[in-house]
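The values are calculated or read from the model by the stated rules, or taken from the named source; none is laboratory data. What you are looking at is a predicted structure, and each value in this text was computed from that prediction instead of being measured. Here Cβ is always computed from backbone atoms with ideal geometry, including for glycine, and neighbour counts include all displayed protein chains.
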Amino acid sequence: MTATDAPLAGDYAEVIGDPIEQSKSPVIHRFWLEKLARAGGYRRHRVERSELSAYVEKRRKDPHWRGCNVTMPLKLDAIALADEATDRAVAAGAANMLVPREGRLIAANSDIGAVMGLLADLHRQGRAMDRISLLGSGGAARAVLVACRSLGLSMIRIHARDRVKATKLAVEFGLKIQPAKLSDAIGGDGLINATPLGMVGHAPLKVDIDRLSERGWVFDLVSSPAKTPLISAARERGLSTATGLEMLVEQAAASFKIFFDEDAPRAHDAELFARLSA
């Protein structure tokens, strides 16, 4: 277990995962704490899957620990460690938050609300939502599927390396289209990348978006780099986009409220995004 950031004094929250060096969550939360002149800290910490249970148990005994965001590859494991789970975390079968409350550990999922909000923005822009391709079948993909179901979107095709896992997911969420290979052609109106492909430190994402409709769009959950090759290709085609940075900030705002009992100061978003994109 390797701490990326130094230990903090006083109340703090954190983000855990493996790898974790690329996470921009500390930048976001520290920015908001600074703007509010609020006491508290936020760090990142590398935790491997085999270490998660022991790590969380140790944190639960720390009175200064306000909870943690959970990133890949721990989202599916995290919910099993909690004493309770919110409805959205249960629906996704995955958690991106663990929060101590009155001696109990609560699993939550703020990814779902963030996805819903960004998809709704794309719809308000007049973008078509009739048929969507979803890359991935892990915890992030599950959050996307819960969000889509809440918005009444079911014409979704999962593209994944593991077709068996993808098929189970399609059945669980009542999807009307059979899954496809990750390498199969992408069509329809929208594309959502819920894999780590294209992220710093991971293999590049190789996908052709030329068959997306003229009223189409691309949503890449990858937040590092700030502008992925997939987002760049979509904008070159004149498609609308939702970025991983936008999603990261939206889910972070919900997390911040839970961790620190204050609303994130969103009036400073322009400054925050400039800092995140630097």
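Selection of segment 235-260 for residues being surrounded by fewer than 23 Cβ atoms within 10 Å (Cβ to Cβ), aliphatic (A, V, I, L, M) and in contact with a strand residue (DSSP E or B) (Cβ under 7 Å, 6 or more places away or on another chain) yields LEU239, ILE258. Could you say whether any residue in segment 232-254 is among the acidic types (Asp, Glu), more than 25 Å from ARG88 (Cβ to Cβ) and in a helix (DSSP H, G or I)? Scanning segment 232-254, I find at least one residue that is among the acidic types (Asp, Glu), more than 25 Å from ARG88 (Cβ to Cβ) and in a helix (DSSP H, G or I), so the answer is yes.
What do you reckon, is ARG38 in contact with a Cys (Cβ under 8 Å, 6 or more places away or on another chain) and more than 19 Å from GLN251 (Cβ to Cβ)? Answer is no for this residue. Within segment 81-105, the residues that satisfy the criterion of being out of contact with any strand residue (DSSP E or B) (no Cβ under 6 Å at 6 or more places or on another chain), under 24 Å from GLU172 (Cβ atoms) and either loosely packed, with under 13 Cβ neighbours inside 10 Å or touching a residue at least 40 places away in the same chain (Cβ under 8 Å) (or both) are ASP87, ARG88, ALA91, ALA92, GLY93, ALA94.
Looking at segment 52-80 only, could you name the residues that are surrounded by 15 or more Cβ atoms within 10 Å (Cβ to Cβ) and over 18 Å from the mean Cα position of the chain (by Cα)? Answer for segment 52-80, where residues must be surrounded by 15 or more Cβ atoms within 10 Å (Cβ to Cβ) and over 18 Å from the mean Cα position of the chain (by Cα): LEU52, TYR55, VAL56, ARG59, ARG60, TRP65, ARG66. Assess whether THR195 counts as being assigned to a helix (DSSP H, G or I) and among the polar types (S, T, N, Q). The answer is no for THR195. For LYS176, the stated conditions do not hold, so it cannot be described as under 18 Å from the mean Cα position of the chain (by Cα) and surrounded by fewer than 15 Cβ atoms within 10 Å (Cβ to Cβ).
Can you name the residue in segment 198-217 that is touching a residue at least 40 places away in the same chain (Cβ under 8 Å) and in a loop (DSSP other than H, G, I, E, B) and is also surrounded by the fewest Cβ atoms within 10 Å (Cβ to Cβ) among such residues?
First pass over segment 198-217, keeping only residues touching a residue at least 40 places away in the same chain (Cβ under 8 Å): 199-201, 205, 207, 213, 215-217.
Imposing the further condition that a residue be in a loop (DSSP other than H, G, I, E, B) reduces the set to 199-201, 205, 207, 213, 215-216.
Values: MET199: 22, VAL200: 13, GLY201: 9, LEU205: 19, VAL207: 22, SER213: 15, ARG215: 15, GLY216: 25.
So the residue we want is GLY201.
Output the residue which, of all residues in segment 118-162 that are within 18 Å of ALA180 (Cα to Cα) and of a type in the set (Ser, Thr, Tyr), is modelled with the highest pLDDT. Ranking the candidates gives SER133 first.
Quick grid of which residues meet (1) in the same structural domain as LEU134 (by TED's automatic domain parsing); (2) over 26 Å from LYS165 (Cβ atoms):
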| position | (1), (2) |
| --- | --- |
| LEU205 | yes, no |
| ARG211 | yes, no |
| GLY238 | yes, yes |
| HIS268 | no, yes |
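Yes/no matrix, rows are residues, columns are (1) among the hydrophobic types (A, V, I, L, M, F, W, C); (2) without any contact (Cβ under 8 Å) to a residue 24 or more places away in the chain:
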| site | (1), (2) |
| --- | --- |
| ARG38 | no, no |
| SER50 | no, yes |
| VAL56 | yes, no |
| TRP65 | yes, no |
| VAL70 | yes, no |
| LYS75 | no, no |
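Could you please find all residues in segment 118-157 being of a type in the set (Ser, Thr, Tyr) and either surrounded by 20 or more Cβ atoms within 10 Å (Cβ to Cβ) or at positive phi (or both)? Those that are of a type in the set (Ser, Thr, Tyr) and either surrounded by 20 or more Cβ atoms within 10 Å (Cβ to Cβ) or at positive phi (or both): SER133, SER137. Being at pLDDT 95 or above and farther than 23 Å from VAL90 by Cβ, is that true of even one residue in segment 163-172? No.
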